[in-house]
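Read the structure below first, then the notes.
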There are 2 protein chains.
Amino acid sequence: MDAVETLGYQPNILARSLRTQQTQMIAVMIGDISNAFYHPVVRAIQDVAYLNDYDVLISNGDHIYENEKRFLQTVLRRPVDGVIMAPHRLSVEDIDQFIRRSHIPVVLIGAQLQHPQIDGVGGTSQPATYEAITWLIQAKGYRRIGFIGVESDMVPGPARYLGYERAMTDAGLSIEPGFVQKAKFTVEGGAEAMRMYLQQSNPPAVVFAANSLMAVGAILTAKAAGLRVPEDIGVMGFDDIPEALIVDPNLTTVARDLPAIGTQVASMLFERITGKETGPGRFVQSGWRIVERQSV
Amino acid sequence: MDAVETLGYQPNILARSLRTQQTQMIAVMIGDISNAFYHPVVRAIQDVAYLNDYDVLISNGDHIYENEKRFLQTVLRRPVDGVIMAPHRLSVEDIDQFIRRSHIPVVLIGAQLQHPQIDGVGGTSQPATYEAITWLIQAKGYRRIGFIGVESDMVPGPARYLGYERAMTDAGLSIEPGFVQKAKFTVEGGAEAMRMYLQQSNPPAVVFAANSLMAVGAILTAKAAGLRVPEDIGVMGFDDIPEALIVDPNLTTVARDLPAIGTQVASMLFERITGKETGPGRFVQSGWRIVERQSV
DNA sequence: TTGTAGGCGTTATCAA
DNA sequence: TTGATAACGCCTACAA
């Protein structure tokens, strides 16, 4: 041990990994590094990983199919002990095939698919959106409610749309043509959607955006067009990110406990890695609450 | 090759690395994952890395000494072919010692130290701040100018402060007591600093924040206190991040080309890794320009 | 308790 | 050109 000290010896993790078949590394793919939703999540994942003496390989999918596919390739080639990912463009077959070929635990964030062998956190989208829309109707008295979803069928678009549709139907309200817009998951996407609303002769009185970045974009565009928010048009978002408190008026939104989601997925992964958990895939639904501020 | 195809053979990168002493992986430590400054930068780094068939191990320092130190430890143990980092809390000795022990190329972002063996991009802080302050004086006619810097001597605090001080001195303006505040590098830090200004009997007419997150916090606090920005108090930031366009009024700021910085550091690193460049440490200064919007 | 040999999956070297 | 072999640095199993 003296020698270790004086020579500053550091074991070579590569060689150790080759021998032990353990890499002390997990890989994480997030949906979009610009989306503040992921910041507390990866922070929490890193905390848990460090506690377990693991390193974290982070990739940024950016909602681009090639990037996501590439991540799978990388992880297949470069052995890691576990994977956490938030796939958006990957098909169910892509993921299924990956799981069959790599024999390591996988945890999905915002998982659309329920796979018997892998854990996931998610499933909040539909009930939370349902509750939010119902709240807009019952507590705030809105009846003409628009919805900004995401292009194609990318998660979590369909689930949040379903929550919206069900809530409207259950309240006996009709979804008029033009109420539903599809846009990119970004500020610019929300701005684009709001522009579509503003061209309508009788636009909705309030708009629910499937993500808070879009909600912020919608607010900015409405204000730029001379409308007052929420008096002329209300806007509500999904996820409580820092931008919600920067935009004026502050954003009313559905808030999930983001660090908790990160801790949750990381814990599930390490339970698999350490062998503490060997049962079938678990699926946990994160909690949420409505945070009322000024945009509705 | 048929067998490769049918069996789906993937070479084990670990074993290859052990043999070749090359890991096909670089490590990146950013200052704070919540700071949008780093998002385009890491995105660009990843792009360059993927082009070179390299993976990227990302760490988040979060401006915490232990995290940064841990990153150094990790990289010492887990061989990577190169390192890009934005150290904030590490001492010069820490970095120096690391470079001596690890024999891989290192590139520094926002480097405060000029090391003969390592490349860096930075050095913008002082001249850009100087120009910004001078612009506030000459083009905008301000004379009572405050400065929100960062606590302790964390980079890039001192350099930006120096730019401020020099510009004030060169213009023959005095820096009154209370003009200079120190705060955390966050929205909340800027809010805190603005609260200090608002307690003063004769606060500055405009405030330059060493980072745009702080500038946003300053604006929010000023507005919350009933002041109009920029009529009652102007605010200017450093770095053009998305929040600059979300806050109302939109932020006037110093803009650097963020993706270019990422491409720059990654290119310098790969020139070292591939052996194309073997000379002494290079230091490149990124360009900047003043983007005038509404907050000043 | 201490020491030694074998093998993890590659690649590079050297011989055939 | 092809094929066998050693070595990268570590850990584990087994022998002394």
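Extension gain, A:Ala15-A:Leu245: 0.36 nm per intervening residue step, less the Cα-Cα distance, totals 78.0 nm. Think of each Lys and Arg Cβ as +1 and each Asp and Glu Cβ as -1; about the Cα centre, that makes the dipole of the protein assembly as shown roughly 60 debye.
Between A:Leu14, A:Leu251, A:Leu136, the Gaussian network model of chain A with springs among Cα atoms under 10 angstrom shows the greatest mean-square fluctuation at A:Leu14. Ranked by the mean number of other Cβ atoms within 10 Å per residue, highest first, peptides B:252-260, B:188-196 order as B:188-196, B:252-260.
Highest mean first, what order results for A:39-45, B:81-87 on Cβ atoms within 10 Å?
Numbers: A:39-45: 22.9, B:81-87: 24.7.
Ranked by mean Cβ neighbours within 10 Å, highest first: B:81-87, A:39-45.
Per residue of B:245-251, other chain Cβ atoms within 10 Å of the residue Cβ number 4 on average.
Would you mind counting up the charge near A:Gln24? Only other residues with Cβ under 14 Å from its Cβ, with Lys and Arg at +1 and Asp and Glu at -1. The partial results should precede the final answer.
Numbers: positive: A:Arg16, A:Arg19, A:Arg78, B:Arg70, B:Arg77, B:Arg78; negative: A:Asp53, A:Asp55, A:Asp81.
That works out to +3.
Remark: label point of A:Val180 defined 7 Å out from Cα along the Cα-Cβ vector; separations to the same position in other copies 5.9 nm, ascending. Give me the angle, in degrees from 0 to 90, between the Cα long axis of helix A:187-199 and the longest principal axis of the Cα atoms of chain A, rounded to the nearest 10. It is inclined by approximately 20 degrees.
Backbone N atoms of region B:46-60 closer than 15 Å to the 7 Å Cα→Cβ label point of A:Glu66 belong to residues B:46-54.
What share of the DSSP beta bridges in region B:207-296 is antiparallel, in percent to the nearest 5? The answer is about 45 percent antiparallel.
Listed peptides A:114-120, A:104-110 appear in the order A:104-110, A:114-120 once ranked by packing, highest mean of other Cβ atoms within 10 Å at the front.
Interface size, chains B and A: roughly 4200 Å² of accessible area buried, both sides included, 1.4 Å probe, rounded to the nearest 100. Between A:Asn202 and A:Gln294, how high is the FRET efficiency from 1/(1 + (r/R0)^6) when r is the Cβ-Cβ distance and R₀ = 35 Å? Nearest 0.05. Efficiency, from the Cβ-Cβ distance: 0.90. With θ taken as phi - 60° and the Karplus curve 6.51 cos²θ - 1.76 cosθ + 1.60 applied, the whole-hertz 3J(HN,Hα) list for region A:79-94 is x, 10, 8, x, 9, 10, 8, 10, x, 10, 9, 4, 7, 4, 5, 3 Hz, x standing for glycine and proline. In chain B, the DSSP beta bridges split such that about 10 percent are antiparallel, to the nearest 5. Among the residues of A:277-289, the average count of other protein chain beta-carbon atoms within 10 Å of the residue beta-carbon is 0. Modelled spin labels at A:Arg144 and B:Leu162, positioned 7 Å past Cα toward Cβ, are 6.0 nm from each other.
Here each label is just a point 7 Å from Cα along the line to Cβ, and for A:Glu131 and A:Tyr50 those points are 3.2 nm apart. Taking every residue in B:32-45 and counting other chain Cβ atoms within 10 Å of its Cβ, the average works out to 3.
Write down the percent of antiparallel bridges among all DSSP beta bridges whose residues are both part of the protein assembly as shown, to the nearest 5.
10
What a 1.4 Å probe finds exposed on region B:125-255 is 52% carbon and sulfur by accessible area, rounded to a whole percent.
For chain A, find the longest principal axis of its Cα atoms and tell me its angle to the long axis of helix A:258-273, 0 to 90°, nearest 10. Between the helix axis and the principal axis of chain A, the angle is about 30 degrees. Rounded to the nearest 20 debye, what is the charge dipole size of region B:142-282 about its Cα centre when +1 sits on each Lys and Arg Cβ and -1 on each Asp and Glu Cβ? Roughly 160 debye, rounded to the nearest 20. Dipole size of chain B about its Cα centre, with +1 on Lys/Arg Cβ and -1 on Asp/Glu Cβ: approximately 360 debye, rounded to the nearest 20.
Lysine pairs in chain A whose alpha-carbon atoms fall under 29 angstrom of each other, counting only those eight or more residues apart or on distinct chains, come to 7. Plainly put, the tip 7 Å out from Cα toward Cβ on B:Ser91 is 5.8 nm from that tip on each other copy, the closest given first.
Taking every C-alpha pair closer than 8 Å and separated by at least 6 residues, the mean separation divided by the residue count of chain A gives a relative contact order of 19 percent. Each copy carries a label point for B:Pro116 at 7 Å from Cα toward Cβ; from one copy, the others' points are 6.6 nm away, ordered from shortest. Relative contact order, whole percent, for region B:28-165 stands at 19, derived from Cα pairs under 8 Å and 6 or more residues apart.
Only helices enter this figure: runs of n ≥ 4 DSSP H residues, each worth -39500 (n - 2.57), summed and divided by the residues of chain B, yield -13000 deg cm²/dmol at 222 nm to the nearest 500.
The values are calculated or read from the model by the stated rules, or taken from the named source; none is laboratory data. Only a predicted model underlies this, so the values are computations on that prediction, with no experimental measurement involved. Here the Cβ is made from the backbone with ideal geometry for all residues, glycine too, and neighbour counts use every protein chain on show. Only protein heavy atoms, including side chains, enter the accessible area calculation; ligands, DNA and RNA are left aside. Shrake-Rupley method; radii C 1.70, N 1.55, O 1.52, S 1.80 Å.
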